[in-house]
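Working notes for the structure below.
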Amino acid sequence: MPIKKTESIRPGHAYSWLIYRTGNSLAMQNALKDWLVRTRSGEVLGPFSQRELFEELNRKTFTWDDEIAQSLGQWISAQTLANHETDEFTLTHTRNQTITKSVSSTFSKSFGGTDSNSEISFGPNFQPGDSPIAASRMGSSFTPTPLEPEELTPTPDAISPSPSRLGRKISEGSKTSYEVSSLPPRLAPLIVSVAVISCLWVLINNFRIHSKSAPEHTKSTQDADGANEGDSPFVRNIYTLIRTGETEAALKLLTQYNEKRPPKGDIEYLIPYAALLITTEEDAPSRARKYLEQVLTQAATPRMKARAHHWLGYLMLSEEEGDMGESHFLESLQLNPKDAAARFNLGVAYFKQKRYSQALDYLQLAELEVPDLWIIHIFKGRARAAMGNIEEAQTSFKRAVDVAPERWMTYLYYAAFLSSTGKNEAAQAIMRAMVTKDPQYETYSPIPLSYFKKKVTFSEYLEAFEATMGGTLSEEKELGKLYINYLINGPSSNEAKRIEAVAEKGSLMAKVFALKVALDRDAPAEKLKLVLKRLPSDLHDFGYYAYVLRGDARTRIGQYSDAQEDLLAALRLEPQSAIAQWTHIALLTKMQKPSDAQAETKSLLTYHPDYIPAVVSGHNY
């Protein structure tokens, strides 16, 4: 099929154009019925063969917004799969290329506003990038935002991948593009249908191969931070320190090494050095920039240059300079197209530029590499909310909670979103659930170094909790506020004393919080026994964390059999809980079962590869 140069590309011929490039045909299809569909309502359809899958899509049995999976593979949206630019014909966009809007419905509502911490923000009537605290105070109204001309008129691309994702090449300032030559009217529908099937087969087959590279839950996001990339023993040790949470020690070693004037040509250490300066030192961006530019001007490897561009982009993003790091992230992806962190940060850069459709594109591409990274789903929710796609935004926020059920921050964003859409009761339920989870999980499993983030303090959780709970009068509200204040001020605070006083005649929640206070204080055995007597045998109404705390207390006073029972109960409620597994490991160690403790540590790292206590322990095996 000949291709001719023209002034535009017809959306109807986009699939045929791709078939011309890939040379694939219907003969490549697999007749096995091993594909399932999960709709947004939770209904599972299938199994289908590949041909049947495409036929059902054409019949609108399911949509681009639903999810598909092959056999026991991971679920992924049909839209994300269509967006995936495979290695064979990857379209890693450089600064001289553009990407068209995401294929989605036309939306006319958005979120917006400002707050001191722009990275935990939503809310109607102000710009995306604002605080859940402000969002929860704004009520349920939305402010329509003007649509770009491209969004005003639905086109065939609204139900199929846009030409840009299938190979359209556009240069800024130029209208030059490519188009398949025109087809006879009667043949066009048939050829387009054939092309649709073959195109999706290529994308699905590539995804199937790609998804086998790492099972779900097991791919560590720390890979992007260079944990396995150091060439010299010194740099490898630096990345090990970073991964085990010893960032201050790593920065100190790097500073000393830099002051001793390393041998000429030794520039690898400058990348983690600059990264730590950017993320931990508020007054060091100029130094970090100098070191990264030094890497780019010397004879660095492509991998090092990709990381240098990434961190220069991160620096601009954190300082909100210029294009928010867009050009550097694109340069990084040109050198390392499958870098999930660069894809994610480019999505965040587009989000901050209010280019929400493009942001969603790159967030979904990052999701392909690390499907269970909660922060990706949070930004997907924010982008979708800004586009007015409220239903899909809620799905993304819920997904963030589902993949990181112990992380308070996911509940914070979800509750803020629900509150901003007027679902106040649901938002309050989410906040109540938040305070029953492990509050130290954020500390023990921080966001991977390479992913853009802002530090959130318990003070911000307190403000959000108070704002979300609003004018409700309940013991849970008052206890929640008291508990978060305790987390701010510590075991020796007045809040700790008040919690213990309330627990004498209070609810189950008050009694569990009092046990937490006693453990934090390293209370003696006799004191722990008194606190334990307050608790009922059944702690299900509070949740898994109550069993973890009681199991910890019983371990400390030598009641190993009862502790084992509690911790197994916690794991039945939350099988992948990091704190439940880690507390169980401590019990197994005290019971002198090192092989069982080692096996459980490996299991914990399977689900939480960046959980610092387990990472540190794993280095001893």
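The rows are residues; the columns are (1) more than 14 Å from the chain's Cα centre (by Cα); (2) closer than 22 Å to Asn345 by Cα; (3) touching a residue at least 60 places away in the same chain (Cβ under 8 Å).
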{"site": "Ile378", "(1), (2), (3)": "no, yes, no"}
{"site": "Gly381", "(1), (2), (3)": "no, yes, no"}
{"site": "Arg399", "(1), (2), (3)": "no, yes, no"}
{"site": "Asp402", "(1), (2), (3)": "no, no, no"}
{"site": "Tyr414", "(1), (2), (3)": "no, yes, no"}
{"site": "Ala427", "(1), (2), (3)": "yes, no, yes"}
{"site": "Arg432", "(1), (2), (3)": "yes, no, no"}
Scanning for something over 26 Å from Pro302 (Cβ atoms), touching a residue at least 60 places away in the same chain (Cβ under 8 Å) and not acidic (Asp, Glu), does segment 253-265 turn up at least one residue?
no
Scanning segment 246-275 for residues that are in a loop (DSSP other than H, G, I, E, B), open to solvent by less than 40 Å² (accessible area, probe 1.4 Å) and not hydrophobic (A, V, I, L, M, F, W, C), the one modelled with the lowest pLDDT turns out to be Pro262
Considering segment 423-438, residues that are aliphatic (A, V, I, L, M) and open to solvent by less than 10 Å² (accessible area, probe 1.4 Å), and then whichever is nearest to Asp552 (Cα to Cα), we arrive at Val435
Practice problem: Please tell me if Ala386 is small (Gly, Ala, Ser), touching a Pro at 6+ places or on another chain (Cβ under 6 Å) and under 23 Å from Glu320 (Cα atoms). | Solution: yes
Do we find a residue being in a helix (DSSP H, G or I) and either touching a Cys at 6+ places or on another chain (Cβ under 9 Å) or surrounded by fewer than 13 Cβ atoms within 10 Å (Cβ to Cβ) (or both) anywhere in segment 294-306? yes
| Can you find a residue in segment 327-338 that is in a helix (DSSP H, G or I), under 12 Å from the mean Cα position of the chain (by Cα) and touching a residue at least 60 places away in the same chain (Cβ under 8 Å)? | no
- Within segment 461-482, identify whether any single residue is under 30 Å from Ile278 (Cα atoms) and surrounded by fewer than 23 Cβ atoms within 10 Å (Cβ to Cβ), and answer yes or no. yes
Of those in segment 374-397 that are in contact with a Ser or Thr (Cβ under 9 Å, 6 or more places away or on another chain) and more than 14 Å from Leu363 (Cβ to Cβ), the residue least open to solvent (accessible area, probe 1.4 Å) is Gly388
Here, helices (runs of 4 or more DSSP H) confined to segment 509-621 with at least 3 residues that are buried (at least 23 other Cβ atoms within 10 Å of the Cβ) and out of contact with any Ser or Thr (no Cβ under 8 Å at 6 or more places or on another chain) are 544-556, 578-590
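The values are calculated or read from the model by the stated rules, or taken from the named source; none is laboratory data. Since the structure is predicted, the reported quantities are computational estimates derived from the model, not experimental observations. Quick reminder, even Gly has a Cβ in these numbers, built from the backbone with ideal geometry, and neighbours come from all protein chains shown. The protein model used for the area step is the full one, side chains on, heavy atoms only, and it has no ligands, DNA or RNA in it. Shrake-Rupley method; radii C 1.70, N 1.55, O 1.52, S 1.80 Å.
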